[in-house]
Amino acid sequence: DATHPPLEVLHPVAGDLAGGVPAVGEVAEGTLGRIEVLHRQQCLGLGREAGRDEVAVLLLNRAQAGIKLSAYGPAMRDCSAVLCFDPGNMKALYRRALCYEGCGRVREALGDAMRMHQLDKASPQAVELLRRLRTAASVPL
C-alpha cells in the first residue's frame, strides 16, 4: 500500500535471503555487532512471509538493545520505521523518546511522550516519562 514503506525496507533481509547470515567473526567486534547478527538470524527465521507485526517486534527488540548500549541513532531509526506503519505503537514511541532524550533532544522526546499520553492517559510509563521530560525541558506541567 502506498502509505507504508515496502516490507523490504523494514525487514532488511527480506529481499535477499540467499546470502546467508554472517558468522559472528565476520561482523565488527563488540556487543552491537553480535546483536546485529542475532537480529539478522531472527529475520532469516521469519522468511519472506514475515508480517509487519513480526518485523515490528524484531525492530523494537533491536532498538531496546541499542538503547542499552547508548547506540541511540540506530535505535531511533528502528523505532521510526515501526512508527511509519504503526503510528500509535506505544513501545516504539517510548523507546524513540528515550533515544531522543539520550541524544539531548528533549523537545523531540517530549513530543513522543505527549503522543503516548494522548493515546493512553492511564499509562504510568507515559505519565512518568512526560513528567521527567517536562522538567528537563522546563515546560510547565
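The values are calculated or read from the model by the stated rules, or taken from the named source; none is laboratory data. All figures in this text were calculated on a predicted structure; none of them were measured in a lab. When we count neighbours, we look across all protein chains shown, and the Cβ atoms used for this are built from the backbone with ideal geometry, even at glycine. Accessible surface is based on the protein model in full, side chains and every heavy atom, while ligands, DNA and RNA are left aside. Shrake-Rupley method; radii C 1.70, N 1.55, O 1.52, S 1.80 Å.
Among the residues of segment 74-131, which ones are touching a His at 6+ places or on another chain (Cβ under 6 Å) and over 21 Å from Arg52 (Cβ atoms)? Matches in segment 74-131: Ala126, Leu130. Among the residues of segment 74-88, are any within 8 Å of the chain's Cα centre (by Cα), of a type in the set (D, E, K, R), within 15 Å of Arg132 (Cα to Cα) and surrounded by 16 or more Cβ atoms within 10 Å (Cβ to Cβ)? No, the conditions are met nowhere in segment 74-88. Looking at Arg134, is it touching a Pro at 6+ places or on another chain (Cβ under 8 Å), of a type outside the set (S, T, N, Q) and open to solvent by 50 Å² or more (accessible area, probe 1.4 Å)? For Arg134, the condition - touching a Pro at 6+ places or on another chain (Cβ under 8 Å), of a type outside the set (S, T, N, Q) and open to solvent by 50 Å² or more (accessible area, probe 1.4 Å) - is met.
The residues of segment 69-91 that are within 21 Å of Ala136 (Cα to Cα) and part of a helix (DSSP H, G or I), listed by number, are Tyr72, Gly73, Met76.
For segment 92-135, residues that are more than 17 Å from the chain's Cα centre (by Cα), outside any helix (DSSP H, G or I) and touching a residue at least 24 places away in the same chain (Cβ under 8 Å) total 2.
The sole residue among Gly66, Gly30, Gly47 that is modelled with pLDDT under 95 and open to solvent by 20 Å² or more (accessible area, probe 1.4 Å) is Gly30.
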